[in-house]
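Heads up: the structure comes next, in structure tokens.
The values are calculated or read from the model by the stated rules, or taken from the named source; none is laboratory data. Everything quoted here is computed from the prediction, not taken from an experiment. Note that each Cβ is placed from the backbone with ideal geometry, even for glycine, and that neighbours are counted across all protein chains shown.
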Amino acid sequence: MYRFLLSRQWVILTLLALVLIPVMIKLGFWQLHRHEHKVAQNQLIASSLAARPVPVTELTAPGRNLPHHDMWRTVTATGTYDTAHEVVVRQRTAADEQSIGYYVLTPLVLGDGRGVLVNRGWISAGNDLTRFPDVPPAPKGKVTVTGRMMADETTAVSGIKDTKGLPARQIMLINSKELTPRMGRPLLGGYIEQTGPAPHGGKPELVPEPDHDSIGPHMAYAIQWWLFAAAVPVGWVVLVRRERRDRAEAAAAEAGADPDGEDAGADPAAVPASR
């Protein structure tokens, strides 16, 4: 009755179904883990932004990798800007997530002589990418900066390629370890993403607060993959039953005909005699 399942076509179809089921289940759990990671990160960002501001030196030091749990913490730093070593970070988007330009990265020299990198915000790239752009001047004298503490950027984490041979004072990644030799002073690990004070005239454009409300479609994708996995055996059963029915109907039709191709149930007397 089900001998057709041993045919080459059905063996291949069955093996394919057996492979697809665990693969789809695994893809569902992969999306579930991405959902859980997104939820955990949203909670971390929210709690970090809500925490009281602390001096930047409480969270980092020269050569230190910023722990993940200190990301987005609000910090303060007091010092003077070292505009002579100011650089711009290429290929960064504005708050509209469409316009491409630069981040303005200026070292802030603290009272003990150490420095901390401050991302003062975004500016338009302009028409000539081969020269240092016109950058809104940093405040003179002693200033107190407030901002979000961020970890050093790497290609592995950010996906941004650290292109070499760029024009003078232009970089691709914000990395205190890489920039320390050209700054001429020890730099605290990580950098500050400035939130205050607001720059004069709104330029540079401060980097907006990270989104920590959206959880993305990962849970919906997980459920979809699991539904697909459940649909595979159901579909296999439907196909098997259809194949069995079609074969049974074909066999019945074949049994209803005589060897000469005439209907076995026909009345011989109804056949006209040959002359």
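When PRO137, PRO107, PRO186 are checked against the criterion of being farther than 28 Å from SER47 by Cβ, touching a residue at least 40 places away in the same chain (Cβ under 8 Å) and buried (at least 21 other Cβ atoms within 10 Å of the Cβ), a single residue qualifies: PRO107. Total residues in segment 119-156 satisfying the condition of being over 30 Å from PRO67 (Cα atoms), over 28 Å from the mean Cα position of the chain (by Cα) and of a type in the set (Gly, Ala, Ser): the figure is 2.
The helices (runs of 4 or more DSSP H) found wholly in segment 146-258 and carrying at least 1 residues that are modelled with pLDDT under 95, basic (Lys, Arg) and on the phi < 0 side of the Ramachandran plot occupy 176-183, 218-255. The selection criterion, being β-branched (Val, Ile, Thr), in contact with a helix residue (DSSP H, G or I) (Cβ under 8 Å, 6 or more places away or on another chain), assigned to a strand (DSSP E or B) and within 24 Å of LEU188 (Cα to Cα), holds for VAL116.
Tell me, yes or no, whether segment 59-68 has at least one residue that is of a type outside the set (Phe, Trp, Tyr), under 30 Å from LEU187 (Cβ atoms), touching a residue at least 12 places away in the same chain (Cβ under 8 Å) and part of a helix (DSSP H, G or I). Among the residues of segment 59-68, at least one is of a type outside the set (Phe, Trp, Tyr), under 30 Å from LEU187 (Cβ atoms), touching a residue at least 12 places away in the same chain (Cβ under 8 Å) and part of a helix (DSSP H, G or I), which makes the answer yes.
So which of THR144, THR155 is in contact (Cβ under 8 Å) with a residue 60 or more places away in the chain, surrounded by fewer than 15 Cβ atoms within 10 Å (Cβ to Cβ) and of a type in the set (Val, Ile, Thr)? Only one candidate qualifies: THR144. Residue-level check: of (1) under 30 Å from LYS142 (Cβ atoms); (2) at pLDDT 90 or above; (3) of a type outside the set (D, E, K, R), ALA50 misses just (2). In segment 60-88, the qualifying residues are those that are of a type in the set (A, V, I, L, M, F, W, C) and buried (at least 19 other Cβ atoms within 10 Å of the Cβ), and the one that is farthest from VAL143 (Cα to Cα) is LEU66.
Scanning segment 3-39 for residues that are among the charged types (D, E, K, R) and under 26 Å from the mean Cα position of the chain (by Cα) returns LYS26, ARG34, GLU36, LYS38.
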